[in-house]
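J.: Could you have a look at this structure, given as structure tokens, before my questions?
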Amino acid sequence: MPWFPVKKIRKQIKLLLLLVLLTCAAWLTYVHLSLVRQGRALRQRLGYGRDGEKLSGVTDGRGVRAALSTQRAEDSSESREEEQVPEGRAPDMLFPGGAGRPLSLNLTHQAPPWREEYKGQVNLHVFEDWCGGAVGHLRRNLHFPLFPHTRTTVKKLAVSPKWKNYGLRIFGFIHPARDGDVQFSVASDDNSEFWLSPNESPAGAQLVAFVGKTGSEWTAPGEFTKFSSQVSKPRRLMASRRYYFELLHKQDDHGSDHVEVGWRAFLPGLKFEVIGSAHISLYTDESALKMDHVAHVPQSPASHMGLGLRQEEPRADMLRPDPRDTFFLTPRVEPSSLENVLEPCAYAPTYVVKDFPIARYQGLQFVYLSFVYPNDHTRLTHMESDNKCFYRESPLYLERFGFYKYMKMDREEGEEDEEEEVQRRAFLFLNPADLLDDDEDEGEPPDGLEPTRASARWASQAPSTLRFPAAAPTQAPATPGPPTPPRRSRALNWAAHPLPLFLGRAPPPRAAAERPPPKVYVTRVRPRLRAPPRALAPLSPRGPPWSPFTGVFLRPRPLPRVQLRAPPRPPRARGRRTRPQATELRPLARAPATQGSQEGQARAPGLTAPTADSNSSSEAQPVTSFLSLSQVSRPQLPGEGEEEEEEEEGDDDEEGAPGDEAASEDSEEAAGTSRGRWREDAIDWQRTFSVGNVDFELLRSDWNDLRCNVSGNLQLPEAEAVDVVAQYMERLNARHGGRYALLRIVNVEKRRDSARGSRFLLELELQERGGRRLRLSEYVFLRLPGARAGDTDGDGESPEPAPAASLRPDGRPELCRPLRLAWRQDVMVHFIVPVKNQARWVVQFLADMAALQVRTGDSRFSVILVDFESEDMDVEQALRAARLPRYQYLRRTGNFERSAGLQAGVDAVEDASSIIFLCDLHIHFPANILDGIRKHCVEGKLAFAPVVMRLGCGSSPGDPHGYWEVNGFGLFGIYKSDFDRIGGMNTEEFRDQWGGEDWELLDRVLQAGLEVERLRLRNFYHHFHSKRGMWGTRSRKTPGKEVP
């Protein structure tokens, strides 16, 4: 038996056990590193990462939990890729409830079966007509990532379609050529992102390289190293595996659109090469799939990054919560219990144009707006930076003068005399007694005297008529040139509405005279008032020597100047003083130059002519005077202002005027000697002002203004709304013995009729005795004293006899109940939509309508889709799959015809006492849309044409930017009986075209004696959409390529 050292083993047992443990640890480490390099790491049951931090999970639609930060590949130095945070947010910001409460995302974990013929190209999805240059703008698209505008393929990762306002999503698999560490880089114009998964699962995609986040960053083609974020860290890849990737690109409306991805082995000196067709393959084949089939589209963290984040502050006032949005959920007071609250009265407003002949499309002029209380914030205040049509002044006036006329500057003691002294010395406001008014023009001022720079104080006066005295030549008559018509001011109307110019003192009225031929106007002082040159005295004892002109000049552009210049003089002895005999009068720069016009030298009191030579007197030098409002606010210093005038003289010299070259040299020499005498204008930071309460809503009328598309609904004064509600509540409690208590006024709508009275829709939240809250929504009529009711109603029959509304003791009108003006809460509403080849919008519309039924619990509506042979989806199958309470599918052949499609949908409605709503496909509906349609549609009386907000390019309902569609009446609600009575849609005239059919329908609705209620609805949007490919139109493509 061989000898076995049992005793020695017993003595060294601890060392042997330690050796075994170390061996096992080394083996496990080796296995782990091998699996990591192959893209498979050892699973950790407790879910803790390398640093002991618990990983957050994501739940997909099937309830399978997956780690958001899936197994990352590591480089040869065992370094780990840094966590990429979406757009500067913290890693747990993907979960609004924190890291412990993950957001449910439908990520794709299992890739579809792959085939060998997929090699050589990748999938490309295009989202057209979407503004913005950042990838974040692409994610705001309503159809991203499932419903692109185009599905196609590309053969390499370098795309440049030479288009604008689009977004690309390129995805597929990368097949490395060999094992090793690889670096990726992306270059694009504008922004782009490159995502790569450590395996073939889209759910594990990680952001490895990107160009910019704001939309302003870009690179040149092939510029792979401009930004540090463009280049990824080394990634360990294996040739035997394929890796899922995703490339997102966003292009705005300028620049050279391109996006490319390059790679290189992680070795010194190697350059990036674009990934070609030999190393890419399709994710799946989409050639045989319709546009509404989206189950195959991968959803990765790239497509969901940043979703679910709520904005803390709404960007538009309309997005703030309002009781109107959910008031329809409150139980309504039974209309039967309100019938005897008010006395009945006939209702026939005078603005109804029944049987009145109107011209084509003239019905727009007979649609009036309603007043609303309280403020529903439908005014697009966030859009008034570009469109200020809400205010009474013109945009040109606001741009030049602002709102200074509503402000009154506060003045301290002694400032009054100082301002009057400044005005006395100003060019435009010299003392009339000192001026030569031989011939005065009562018309508009010449172009050079237009006040393009106005002070804050003068702008508040809004001058409309200015008189400029003309100076007649005294020595030589001027030779008139060709007549030049005076140019009208772009900001003010100088002829109408005369207003006081300064401090309420208007110029005395003068007799009107015929307009003389155009002249060059020069203001000069009488010769008898000449004064010797004297030092400049301060305007006030406590002020600076010469304070700046009062107010703030709004426009930095200087005015055209009137130039007085002496003709060249013969040489004279040095030191001998000579007096110029005459000066040459030069007209404005915009008028043709006249020759031979001479004028005596003009000189204002206390105004010294600038000198051209510092060694000689100003009287012995040629005089060059540039007069403007900003320069004559105080006497001009010798040589002052010529530095600024040097450039303008140079422009005049280029025109070839004689004698300008020598004068320009003199001006430049004088400017050089007096350059240090400029003083900066003092700014009065302590200036205050007074202002009154300005309510621009009072200036608006109920006329349908088709020029202003950012103003909201008209605001009803609070006192009027409260007075009407108080009257109604008094009568209600008198009828029911104080059963109801008013909690709040939710909504009051008023339609004004100045001849007979006003119609009101009262929506009040009441507290019933016993604790239940109820909703009151009824029409009432405030009839004016002595008003006569109409002779006939909508059916042509005599109205029911009803006692006239009794007058209150104080002579004020009292409320009454208008006959046949009650809306029904249980009426059926039919949405009629014609469609053709709009798969993504059809799917979105059906999803919105299904969500509307879930949110409101209202099943009294139906959807009628009229399909003109759509080829991109099965519309009927989509209707069956949608969870709608009722629907109808109508199929028509031929080209798309909106009028014919709408008429076909109306004909499919059997109940004449139901409401039809002519609708569009690209509409985002608010939750109270059904209630709003029912309230404003009354059979035989009212039709409803809500104003929709048309979103701009790149805008969404969460960030609305756009305008109210005040011209469109295509969204129209009306009872079917009324629709049939007016003859339906004009299908004969609008057969092969659309545009104008809504105005033509409006004309006939008004002539039938119906009122058209026109209101802007909160959160009622028309999505921005591409016009390309709509209604079966074909685009021009390169030969050999087909539209997928």
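The values are calculated or read from the model by the stated rules, or taken from the named source; none is laboratory data. Since this is a predicted model, take the numbers as computed values, not measurements. For neighbour counting, all protein chains shown are included, and Cβ atoms are generated from backbone atoms with ideal geometry for every residue, glycine included. We work out accessible area using only protein heavy atoms, side chains counted, and drop any ligands, DNA or RNA first. Shrake-Rupley method; radii C 1.70, N 1.55, O 1.52, S 1.80 Å.
J.: Answer yes or no as to whether Phe366 is at pLDDT 85 or above, in contact with a strand residue (DSSP E or B) (Cβ under 9 Å, 6 or more places away or on another chain) and open to solvent by less than 40 Å² (accessible area, probe 1.4 Å).
T.: Here the answer is no, as Phe366 does not meet what is asked.
J.: Let me ask you something else. Please enumerate the residues belonging to the range 717-732 that are surrounded by 13 or more Cβ atoms within 10 Å (Cβ to Cβ) and within 16 Å of Glu778 (Cβ to Cβ).
T.: Selection gives Ala721, Val724, Val725, Gln727, Tyr728, Met729, Arg731, Leu732.
J.: Also: Assess whether Leu742 counts as being assigned to a strand (DSSP E or B) and open to solvent by 60 Å² or more (accessible area, probe 1.4 Å).
T.: Judged against the criteria, Leu742 is a match.
J.: Ok, one more. Out of (1) open to solvent by less than 30 Å² (accessible area, probe 1.4 Å); (2) more than 33 Å from the chain's Cα centre (by Cα), what's the single condition that is false for Lys250?
T.: It is condition (2) that Lys250 fails.
J.: Condition test on Gly136, is it closer than 30 Å to Lys1027 by Cβ, under 34 Å from the mean Cα position of the chain (by Cα), modelled with pLDDT of 90 or more and part of a loop (DSSP other than H, G, I, E, B)?
T.: For Gly136, the condition - closer than 30 Å to Lys1027 by Cβ, under 34 Å from the mean Cα position of the chain (by Cα), modelled with pLDDT of 90 or more and part of a loop (DSSP other than H, G, I, E, B) - is not met.
J.: Return yes or no: is Ala187 free of Cβ contacts under 8 Å to residues at least 60 places away in the same chain, within 16 Å of Trp263 (Cβ to Cβ), over 29 Å from the mean Cα position of the chain (by Cα) and part of a strand (DSSP E or B)?
T.: no
J.: Just to be sure, is Asp386 assigned to a loop (DSSP other than H, G, I, E, B), of a type in the set (Asp, Glu) and modelled with pLDDT under 80?
T.: Judged against the criteria, Asp386 is a match.
J.: Right, something else. Every residue in the range 162-183 that is of a type outside the set (A, V, I, L, M, F, W, C) and within 12 Å of Lys250 (Cα to Cα), please.
T.: Lys164, Asn165, Tyr166, Gly167, Arg169
J.: Take the conditions over 30 Å from Arg392 (Cβ atoms), part of a helix (DSSP H, G or I), touching a residue at least 12 places away in the same chain (Cβ under 8 Å) and open to solvent by 40 Å² or more (accessible area, probe 1.4 Å) and apply them to Arg735. Does it pass?
T.: yes
J.: Would you check if Val208 is out of contact with any helix residue (DSSP H, G or I) (no Cβ under 8 Å at 6 or more places or on another chain), open to solvent by 20 Å² or more (accessible area, probe 1.4 Å) and either within 20 Å of Ala158 (Cα to Cα) or in contact (Cβ under 8 Å) with a residue 40 or more places away in the chain (or both)?
T.: In short, no.
J.: When you scan the range 348-358, do you find a residue that is under 33 Å from the mean Cα position of the chain (by Cα) and either in contact (Cβ under 8 Å) with a residue 24 or more places away in the chain or part of a loop (DSSP other than H, G, I, E, B) (or both), even just one?
T.: Taking every residue of the range 348-358 in turn, none turns out to be under 33 Å from the mean Cα position of the chain (by Cα) and either in contact (Cβ under 8 Å) with a residue 24 or more places away in the chain or part of a loop (DSSP other than H, G, I, E, B) (or both).
J.: Quickly run through the range 967-991 and pick out the residues that are surrounded by fewer than 20 Cβ atoms within 10 Å (Cβ to Cβ) and out of contact with any Asp or Glu (no Cβ under 7 Å at 6 or more places or on another chain).
T.: If the condition is that a residue be surrounded by fewer than 20 Cβ atoms within 10 Å (Cβ to Cβ) and out of contact with any Asp or Glu (no Cβ under 7 Å at 6 or more places or on another chain), then Asn967, Asp980, Arg981, Ile982, Gly983, Gly984, Thr987, Glu988, Glu989 are the ones that fit.
Rundown of residues vs (1) modelled with pLDDT of 85 or more; (2) under 30 Å from Ala943 (Cβ atoms); (3) surrounded by 19 or more Cβ atoms within 10 Å (Cβ to Cβ), yes/no style:
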residue	(1), (2), (3)
Pro314	no, no, no
Thr330	yes, yes, no
Asn340	yes, yes, no
Cys345	yes, yes, yes
Leu398	no, no, no
Asp410	yes, no, no
Glu415	no, no, no
Gln423	no, no, yes
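J.: Taking the conditions exactly as written (β-branched (Val, Ile, Thr) and touching a helix residue (DSSP H, G or I) at 6+ places or on another chain (Cβ under 6 Å)), does Val710 satisfy them or not?
T.: The answer is yes for Val710.
J.: Every residue in the range 224-269 that is under 23 Å from Pro198 (Cβ atoms), without any contact (Cβ under 8 Å) to a residue 60 or more places away in the chain and not small (Gly, Ala, Ser), please.
T.: Phe224, Gln230, Val231, Leu267
J.: Continuing with this model, one more query. Among (1) over 22 Å from Pro113 (Cβ atoms); (2) touching a residue at least 60 places away in the same chain (Cβ under 8 Å); (3) hydroxyl-bearing (Ser, Thr, Tyr), there is one condition Ser197 misses while meeting the rest; what is its number?
T.: The one condition Ser197 does not meet is (1).
To keep it simple, each residue is scored yes or no on (1) among the charged types (D, E, K, R); (2) at pLDDT 95 or above; (3) buried (at least 16 other Cβ atoms within 10 Å of the Cβ).
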site	(1), (2), (3)
Glu768	yes, no, no
Gly796	no, no, no
Ser806	no, no, no
Arg840	yes, no, yes
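J.: Would you point out which residue out of Arg775, Arg824 is closer than 19 Å to Val333 by Cβ, modelled with pLDDT of 90 or more, out of contact with any His (no Cβ under 7 Å at 6 or more places or on another chain) and open to solvent by 50 Å² or more (accessible area, probe 1.4 Å)?
T.: That would be Arg824, the only listed residue that is closer than 19 Å to Val333 by Cβ, modelled with pLDDT of 90 or more, out of contact with any His (no Cβ under 7 Å at 6 or more places or on another chain) and open to solvent by 50 Å² or more (accessible area, probe 1.4 Å).
J.: Tell me which residues, restricted to the range 316-326, are closer than 19 Å to His924 by Cα and either open to solvent by less than 30 Å² (accessible area, probe 1.4 Å) or not basic (Lys, Arg) (or both).
T.: Result: Ala316, Asp317, Met318, Leu319, Pro321, Asp322, Asp325, Thr326.
J.: Please verify whether Glu200 is open to solvent by less than 40 Å² (accessible area, probe 1.4 Å) and acidic (Asp, Glu), treating the condition exactly as stated.
T.: no
J.: In the range 196-251, how many residues are under 22 Å from Ala265 (Cα atoms) and not in a loop (DSSP other than H, G, I, E, B)?
T.: Going through the range 196-251 one residue at a time, the tally reaches 19.
J.: Output the residues belonging to the range 150-172 that are open to solvent by less than 10 Å² (accessible area, probe 1.4 Å) and aliphatic (A, V, I, L, M).
T.: Leu157, Leu168, Ile170
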